[in-house]
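Engineer: I have a structure I would like to understand better, so I am pasting it below and will then ask my questions one at a time.
FYI, it's all coordinate maths here, none of it is from the lab. Quick caveat, the model's predicted, so the values are computed rather than measured. Note: ideal-geometry Cβ built from the backbone for every residue, glycine included; neighbour counts use all protein chains shown.
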């Protein structure tokens with residue numbers, strides 16, 4: 001039976017990856033826990049691709065995808081592509097659609113057009129573009145009955161624009177993440193496993209995996225059945241005892257309980 005590779009999104013541990021030395025120590029900690037597959041995101045901006053590569057090699061780490069910000073993809077794409085080739089990662093992710101790029105349907109359509117151009121260039125260089133969702137992509141754009149995700153699905157090339165499916169944000173948007181995974185599996189290499197509880201005001205309070213309202217076991221079954229290659233643990237904030245390492249340990253333990 002096909003089983004996805006599980007690992008950790010470094011955004012979870014971003015407070016411990018601000019320098020090259022921090023990154024070395026954090027990768028060493030993960031390796032000691034049996035983790036050898038990661039996503040790179042929000043590490044210190046001064047850590048060069050060469051330094052990243054040295055740390056990755058030292059701890060036998062593989063990078064399934066990254067998160068970049070939109071400005072860097074728009075303004076410095078050649079350097080992004082070169083950096084990915086240095087660290088041996090074939091997947092370039094955009095972590096977030098800037099607010100200014102989705103003020104209404106017109107600006108959102110223009111944004112999607114820019115992403116198509118970026119994704120095409122990435123593809124031409126032997127890499128793959130991926131977009132990471134939050135909840136807002138599923139809500140109607142201001143003054144429109146269409147959502148940003150509607151535009152992504154209708155106006156992007158499935159071969160060039162893939163998705164990093166964040167199951168907690170999909171759930172928080174009021175949708176069933178298992179349905180999104182099944183419907184878009186051919187465009188998904190990486191799934192973010194994230195969990196949350198609802199605060200009294202309705203906002204999400206993120207928790208370690210298995211402690212919230214998302215049916216991660218059902219999501220895992222779909223990932224296995226649809227042969228989605230990677231599942232990365234991500235937690236934005238609200239870590240157990242405000243300790244990112246403890247929350248990561250708890251979530252790695254949850255991974256060990258999963259059965260297809």
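Engineer: Could you tell me the largest-minus-smallest coordinate of the C-alpha atoms of the chain on each of the three principal axes, in descending order and whole angstroms?
Structural biologist: Sorted largest first, the three principal extents are 49, 43, 39 Å.
Engineer: Let me ask you something else. What does the helix-only formula give at 222 nm for the chain: each DSSP H stretch with n ≥ 4 adding -39500 (n - 2.57), the total divided by the residues, and the result rounded to the nearest 500 deg cm²/dmol?
Structural biologist: Calculated from helices alone, the mean residue ellipticity at 222 nm is -12000 deg cm²/dmol.
Engineer: Also: For a footprinting-style exposure proxy, rank 80, 190 by other Cβ within 10 Å, fewest first.
Structural biologist: 80, 190
Engineer: Right, something else. Picking from 11, 196, 59, which is most flexible by a Gaussian network model of the chain using Cα springs under 10 Å?
Structural biologist: Evaluated over the chain, the most mobile residue of the options is 59.
Engineer: Still on this model: Compute a Gaussian network model of the chain, connecting alpha carbons closer than 10 Å, and tell me which residue from 103, 17, 244 fluctuates the most.
Structural biologist: 103
Engineer: Rank 38, 86, 228 by mean-square fluctuation in a GNM of the chain with C-alpha springs under 10 angstrom and give only the top-ranked residue.
Structural biologist: For the chain, modelled as a Gaussian network with Cα springs under 10 Å, the answer is 86.
Engineer: Just want the ordering: 187, 72, from fewest to most Cβ atoms lying within 10 Å of their own Cβ.
Structural biologist: With the sparsest Cβ surroundings first, the list reads 72, 187.
Engineer: Exposure proxy check: 239, 29 ranked by fewest other beta carbons within 10 Å?
Structural biologist: Result, fewest neighbours first: 29, 239.
Engineer: Of the beta bridges DSSP finds with both residues in region 5-257, what % are antiparallel, to the nearest 5?
Structural biologist: For region 5-257, the DSSP antiparallel bridge percentage is about 15.
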